[in-house]
Amino acid sequence: MSTVLEHAMQVQAGQGNLPTKPSHPAKLTAVRLSMDPTRLVHPAEPPIDEKLYSGFLEHLGRCIYGGIVDNPKAPSPKELLISHEDGSGRTKGRAGFRKDVMGILAKDGELEVPMLRWPGGNFVSNYHWQDGIGPIENRPKRIELAWLSTESNQFGTDEFIDYCRATGCEPYICLNMGTGTYEEALAWLEYCNGTGDTYWANLRRKNTGRDEPHGVKYWGLGNEMFGPWQVGNLSAADYTKKAKQWAHGLKLVDPSIKLVSCGNTGSSDWDREVLATMVQFADLHSIHFYTMLGHDKVGVQGNDYEKNVFGPAIRRAPLIVSKAAERSIEICKSLIDLSNIDRSFMGYQPRDVKVCFDEWNVWDESKAPGAVGLEQWYDYTDMLGFCAWLNVLVRKHKDIGIACLAQSVNVISPLMTCPDGICKQTTYYPLRLFSRYMKNGHLLQLPAMPDVYSGPSYPAFIQQTLLKPAYIDLVAILVQTESGASIRLSVLNRHPTLDWKADCAFAGFNIDKAEVHEMYSDDLSAVNTFDKPETVVPNITSLSASEFEKQGGWTVRKHSWSFFIFDGQLE
């Protein structure tokens, strides 16, 4: 450790073998984008799952109160709320749902969110679910230890399920493996899914006035239990022993559920040790990853543009933790495969355990610390880094069962609210396009981009042991439609000063029309605000097949992102 830290300090001082300034190429290589519907990356695999665009709700800042439900300290107009009070003691005092937020997060809304993870996050490690059920007036206020706030418990399990039913989102509940008990976890599952004449199932019926169960299929076995910031932090060995026991009991209560084991980045020794056992008991393995400028405690200072837009390819986090997001997914899948292979020699059948990337985002801690509820106003450069994330998730979808953007409203989110309105951040627009168009299709093979970034990174081994990130980052899928077929292409130009021409060619596909959504700004620090909500929005161009052909390709401008929708017919 001391050797690593000494090297880190040398790097910070501009010493060592690490370049201190990026040297960008003076020219970007012209590459013909030949898109052939017969050349799929994974032709035998299922199409891209909608759960890649799932959301996350945590009791942090204004995500819950003032986000998805009314904030009693800053109430919204009644016409903006859906009331749940029906005159009974069961519903008295329940906070109304924000209609405008629901219209965006709903499965049939603007972002088409298919699933919501709740209640945390770090919050869950000291959350006792019994505090959040029954009459509102009887629910205790508690000290919240993750973010050092007070939790009113006005929004609990039944409110969460009602919200999921109202939005059409599938619920995904994370269990408290910090201060929570085994018995408490079993009771929570019985409360939600029990159908018999038992105590917890009957209590749910009493509290909701309905006989049908909540039917929660996905359950997380704790959150970031590897971290010292977590209440009830455990070693990998202790966590695995506990998680194995919990998994056994939970599957006895309801054999149909899907369990998510708690991982780290996907490429850590924690992941290896946990998966060695839990691959036999879990259905998915959770990993978390943020690109965080504010966490750049040690390393080359400055170069914020490069660190942001190349962030998902080169992660800069505290001290020695630096991994590539794509590589972490690949390593995690390899660890799953290794565990299956090892256990097969002991007579166990292999299990198709997927990666559950249930926290990911761009996050600058210096802009959005916990003290302000992680409310980050995303600038234009953040948006470019966000697009790189979306490209990564689609490229690696084969190994990802679920991905949850952290988080869905106000907290490092594409949506910011005030009592009577919503601001759509710069990151909202690419997310909307991906969640609508980059699913239910198959990856197309695309040519490799030759121009790669070789600038500052820490540790230095990133540039030697991982594939260098390309300046032109792209992904394309083929979707069968009612009227024919559609090719959707995402192109991110990360070069700060050079344009790049996308010369598109098709084989076995005839274009009827093309639509191009371009995100561009000369001001890298531009943000959308309540006063100026359309500072950074897509410029949309619609073209017929002949008009697009006359263009001779499309210029993707410097530091910009373009999204292409080609509708047509397969030959």
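The values are calculated or read from the model by the stated rules, or taken from the named source; none is laboratory data. Just so you know, these numbers come straight off a predicted model, no measurement behind them. Here the Cβ is made from the backbone with ideal geometry for all residues, glycine too, and neighbour counts use every protein chain on show. SASA here: full protein model, heavy atoms, side chains in, ligands and nucleic acids out. Shrake-Rupley method; radii C 1.70, N 1.55, O 1.52, S 1.80 Å.
Quick one: in segment 526-558, of everything that is part of a loop (DSSP other than H, G, I, E, B) and open to solvent by 80 Å² or more (accessible area, probe 1.4 Å), which residue is nearest to I422 (Cα to Cα)?
F530
Considering each of D399, D352, D382 in turn, give the residue that is under 23 Å from A526 (Cα atoms) and charged (D, E, K, R).
The unique qualifying residue is D382.
Among the residues that make up segment 222-229, is at least one of them open to solvent by 10 Å² or more (accessible area, probe 1.4 Å), outside any loop (DSSP other than H, G, I, E, B) and modelled with pLDDT of 95 or more?
No.
Scan segment 131-152 residue by residue and report those that are closer than 25 Å to A247 by Cα and surrounded by fewer than 18 Cβ atoms within 10 Å (Cβ to Cβ).
Across segment 131-152, the qualifying residue is only D131.
Can you say whether R210 is within 29 Å of H84 (Cα to Cα), open to solvent by 50 Å² or more (accessible area, probe 1.4 Å) and in the same structural domain as V124 (by the TED database), as far as the supplied structure shows?
Yes: the conditions hold for R210.
Being β-branched (V, I, T) and open to solvent by 10 Å² or more (accessible area, probe 1.4 Å), is that true of even one residue in segment 410-431?
Yes, segment 410-431 contains at least one residue that is β-branched (V, I, T) and open to solvent by 10 Å² or more (accessible area, probe 1.4 Å).
Restricting the first residue to segment 493-510 and requiring it to be not assigned by the TED database to the domain that holds V475, which pairs with a second residue that is charged (D, E, K, R) and not in a loop (DSSP other than H, G, I, E, B) meet a Cβ separation below 9 Å and a spacing of at least six or different chains?
Partner pairs satisfying both residue conditions: none exist.
Any residue in segment 173-200 that's on the phi > 0 side of the Ramachandran plot: show its pairings with residues that are among the aromatic types (F, W, Y) and crowded, with 21+ Cβ neighbours inside 10 Å at Cβ separation under 6 Å, as long as the two are six or more apart or on different chains.
none
Being open to solvent by less than 10 Å² (accessible area, probe 1.4 Å) and among the hydroxyl-bearing types (S, T, Y): is that true of Y348 here?
Considered against the rule, which asks whether it is open to solvent by less than 10 Å² (accessible area, probe 1.4 Å) and among the hydroxyl-bearing types (S, T, Y), Y348 comes out as no.
Yes/no matrix, rows are residues, columns are (1) among the aromatic types (F, W, Y); (2) farther than 12 Å from D420 by Cα; (3) within 29 Å of the chain's Cα centre (by Cα):
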residue: D70; (1), (2), (3): no, no, yes
residue: A74; (1), (2), (3): no, no, yes
residue: K78; (1), (2), (3): no, no, no
residue: D86; (1), (2), (3): no, yes, no
residue: R90; (1), (2), (3): no, yes, no
residue: A95; (1), (2), (3): no, yes, yes
residue: K99; (1), (2), (3): no, no, yes
residue: K107; (1), (2), (3): no, yes, yes
residue: L111; (1), (2), (3): no, yes, yes
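D337 versus (1) part of a helix (DSSP H, G or I); (2) among the acidic types (D, E); (3) at pLDDT 90 or above; (4) under 19 Å from the mean Cα position of the chain (by Cα): which is the lone unmet condition?
Only one criterion is unmet by D337, namely (4).
State whether the residues of segment 376-399 include one that is within 21 Å of A74 (Cβ to Cβ) and not aromatic (F, W, Y).
There is at least one residue in segment 376-399 that is within 21 Å of A74 (Cβ to Cβ) and not aromatic (F, W, Y).
Check F155 against each of (1) surrounded by 20 or more Cβ atoms within 10 Å (Cβ to Cβ); (2) at pLDDT 95 or above; (3) in contact with a Ser or Thr (Cβ under 9 Å, 6 or more places away or on another chain) and name the one condition it does not meet.
With respect to (1) surrounded by 20 or more Cβ atoms within 10 Å (Cβ to Cβ); (2) at pLDDT 95 or above; (3) in contact with a Ser or Thr (Cβ under 9 Å, 6 or more places away or on another chain), F155 is out only on (3).
Here are L478, L466: which of them is at pLDDT 95 or above and buried (at least 16 other Cβ atoms within 10 Å of the Cβ)?
Answer to the selection: L478.
Being within 22 Å of D382 (Cβ to Cβ) and among the charged types (D, E, K, R) is the requirement here; does R557 meet it?
When the stated conditions are applied, R557 passes them.
Step by step: first the residues of segment 57-111, then only those that are in contact (Cβ under 8 Å) with a residue 60 or more places away in the chain and touching a His at 6+ places or on another chain (Cβ under 9 Å), then the one that is nearest to G370 (Cα to Cα). Which residue is that?
So, considering only residues that are in contact (Cβ under 8 Å) with a residue 60 or more places away in the chain and touching a His at 6+ places or on another chain (Cβ under 9 Å), the one nearest to G370 (Cα to Cα) is Y65.
Return yes when P37 is open to solvent by less than 30 Å² (accessible area, probe 1.4 Å) and modelled with pLDDT under 95 and no when it is not.
Yes.
Does segment 375-387 include one or more residues that are open to solvent by 30 Å² or more (accessible area, probe 1.4 Å), closer than 27 Å to N264 by Cβ, in the same structural domain as G67 (by the TED database) and not in a strand (DSSP E or B)?
Taking every residue of segment 375-387 in turn, at least one turns out to be open to solvent by 30 Å² or more (accessible area, probe 1.4 Å), closer than 27 Å to N264 by Cβ, in the same structural domain as G67 (by the TED database) and not in a strand (DSSP E or B).
Inside segment 344-371, can you point out the residues that are among the aromatic types (F, W, Y), under 23 Å from Y290 (Cα atoms) and not in a strand (DSSP E or B)?
Once the filter is applied, which keeps residues that are among the aromatic types (F, W, Y), under 23 Å from Y290 (Cα atoms) and not in a strand (DSSP E or B), segment 344-371 yields only W363.
Residue-wise test of (1) within 27 Å of F357 (Cβ to Cβ); (2) of a type outside the set (A, V, I, L, M); (3) at pLDDT 95 or above.
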{"position": "A26", "(1), (2), (3)": "no, no, no"}
{"position": "V41", "(1), (2), (3)": "yes, no, no"}
{"position": "I48", "(1), (2), (3)": "yes, no, yes"}
{"position": "Y53", "(1), (2), (3)": "yes, yes, yes"}
{"position": "G67", "(1), (2), (3)": "yes, yes, yes"}
{"position": "S76", "(1), (2), (3)": "no, yes, yes"}
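The rows are residues; the columns are (1) touching a Lys or Arg at 6+ places or on another chain (Cβ under 7 Å); (2) crowded, with 16+ Cβ neighbours inside 10 Å; (3) farther than 19 Å from T157 by Cα; (4) of a type in the set (A, V, I, L, M, F, W, C).
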residue	(1), (2), (3), (4)
E58	no, yes, no, no
R62	no, yes, no, no
V69	yes, yes, no, yes
D86	no, no, no, no
G89	no, no, no, no
R94	no, yes, no, no
R98	no, yes, no, no
I104	no, yes, yes, yes
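Does segment 313-333 contain at least one residue that is modelled with pLDDT of 75 or more, open to solvent by 10 Å² or more (accessible area, probe 1.4 Å), out of contact with any His (no Cβ under 8 Å at 6 or more places or on another chain) and over 18 Å from A388 (Cβ atoms)?
Yes: segment 313-333 contains one or more residues that are modelled with pLDDT of 75 or more, open to solvent by 10 Å² or more (accessible area, probe 1.4 Å), out of contact with any His (no Cβ under 8 Å at 6 or more places or on another chain) and over 18 Å from A388 (Cβ atoms).
When only residues in segment 531-554 that are hydroxyl-bearing (S, T, Y) and at pLDDT 95 or above count, which is nearest to L492 (Cα to Cα)?
It comes out as T541.
Taking G196, is it part of a loop (DSSP other than H, G, I, E, B), open to solvent by 10 Å² or more (accessible area, probe 1.4 Å), under 21 Å from Y182 (Cβ atoms) and at pLDDT 95 or above?
For G196, the condition - part of a loop (DSSP other than H, G, I, E, B), open to solvent by 10 Å² or more (accessible area, probe 1.4 Å), under 21 Å from Y182 (Cβ atoms) and at pLDDT 95 or above - is met.
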